[in-house]
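Take a look at the structure below.
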Amino acid sequence: MKTPLTAVAVSCTLKPSPAPSSSDLMATQLLDSLAGHGVTGSLVRAVDLTLSPGVEKDMGGDDEWPSIRRRVLDADILVFVTPTWMGQHSSVAQRVLERLDAELGETDARGRPTLFDKVAIAGVVGNEDGAHHIAAILFQSLNDVGFTIPAQGSVYWNGEAMHTTDYKDLEETPEKVSSAIGTATRNAAHLARLLKAQEYPAG
């Protein structure tokens, strides 16, 4: 029997709920695919919460980052999804990365960084180019704070340049995207189980 795992998907759309979101759609598709590998997941739309600027785990006041942070720390897999704007990841995605930077100064009971043994995959949507560039930024940042990245751990969809069709407007998910979702989630679940069974050593 496979070890049960958990995941949290952080959608970095700029659109507050209940507006339809391509980022939310891809995040949900990734979570649904992970469920087929024994991973229970949940979705958070970061823009719906007050995420104060800063690089601390709690900036005080009305900062709601601690609630997302707890969900990330409790999960085995992080699904990080962002739209593409002006060829870049969203400002919400950048805010989330900056808040994750606080984990560089946090350790577990064994003295290891808090995000060791956790896996991260990425999703990128947009009707302009930039997906590979964004995935590179996300993976460097997420790996830097402690996440492990599985083989072929990113999924993206780029619409036709200078057109207005969004991922959520497609009649069906393109076969190449479905295949990439399957590969990323299968490898993420496999890697997360390996790390759960045998953690990274303490320094």
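Here the sum of -39500 (n - 2.57) over DSSP H runs of 4 or more residues, divided by the residues of the chain, equals -11500 deg cm²/dmol at 222 nm, to the nearest 500. A convex hull fitted around the alpha carbon atoms of region 1-81 yields 84 Å³ per residue.
Scaling the Cα radius of gyration of the chain by the globular reference 2.2 N^0.38 Å produces a ratio of 0.98. In this rough spin-label picture, where each label sits 7 Å from Cα along the Cβ direction, the residue 91-residue 200 distance is 3.2 nm. Across every pair of non-identical alpha carbons in region 61-172, the mean reciprocal distance, once inverted, gives a Kirkwood radius of 15.1 Å. Which of the aspartates and glutamates could a cross-linker bridge to residue 196, judged by Cα under 14 Å and excluding same-chain residues fewer than eight apart? Straight-line reach from residue 196, under 14 Å: 74, 76, 117.
Model label points for residue 6 and residue 161, set 7 angstrom from Cα along the Cα-to-Cβ axis, are 4.4 nm apart. Converting phi to 3J(HN,Hα) with the Karplus coefficients 6.51, -1.76 and 1.60 and the offset θ = phi - 60°, region 111-125 yields x, 9, x, 4, 9, 4, 6, 9, 10, 10, 10, 10, x, 9, 10 Hz in sequence order, with x at every glycine or proline. Normalised by 2.2 N^0.38 Å, with N the number of residues, the alpha-carbon radius of gyration of region 73-125 equals 1.32. If you take the charge dipole of region 1-158 about its Cα centre, with +1 on Lys and Arg Cβ and -1 on Asp and Glu Cβ, which of 158, 51, 31 is farthest toward its positive end? Among 158, 51, 31, the one farthest towards the positive end of the dipole of region 1-158 is 31.
Spin-label pair residue 32-residue 62: with each label point 7 Å from Cα along the Cα-Cβ axis, the two points sit 3.5 nm from one another.
Which parts of region 35-70 would a label at residue 98 reach, counting a residue when its backbone N lies under 18 Å from a point 7 Å out along Cα-to-Cβ? Inside the label zone: 46-69. Could you tell me the relative contact order of region 59-119? Use alpha-carbon pairs under 8 Å, at least six residues apart, and round to a whole percent. Once divided by the residue count of region 59-119, the mean separation gives 35 percent.
So, with a 1.4 angstrom probe, what is the percent of accessible area on the chain that is carbon and sulfur? That share works out to 54 percent. Every Cα-Cα pair of region 107-173 was included, and the share exceeding 19 Å stands at 46 percent.
Over the chain, accessible surface divided per residue gives 49 Å², non-protein components excluded, 1.4 Å probe. Tell me which DSSP H helices of the chain clear both cut-offs, 24 Å or more of axial length from alpha-carbon atoms and a mean Kyte-Doolittle hydropathy of at least -0.5. The answer, listed by residue number, is 175-197. Cα centroids of region 173-203 and region 1-79: 17 Å apart.
The values are calculated or read from the model by the stated rules, or taken from the named source; none is laboratory data. Only a predicted model underlies this, so the values are computations on that prediction, with no experimental measurement involved. Here Cβ is always computed from backbone atoms with ideal geometry, including for glycine, and neighbour counts include all displayed protein chains. Remember, those area values only see protein heavy atoms, side chains included, never the ligands or the DNA or RNA. Shrake-Rupley method; radii C 1.70, N 1.55, O 1.52, S 1.80 Å.
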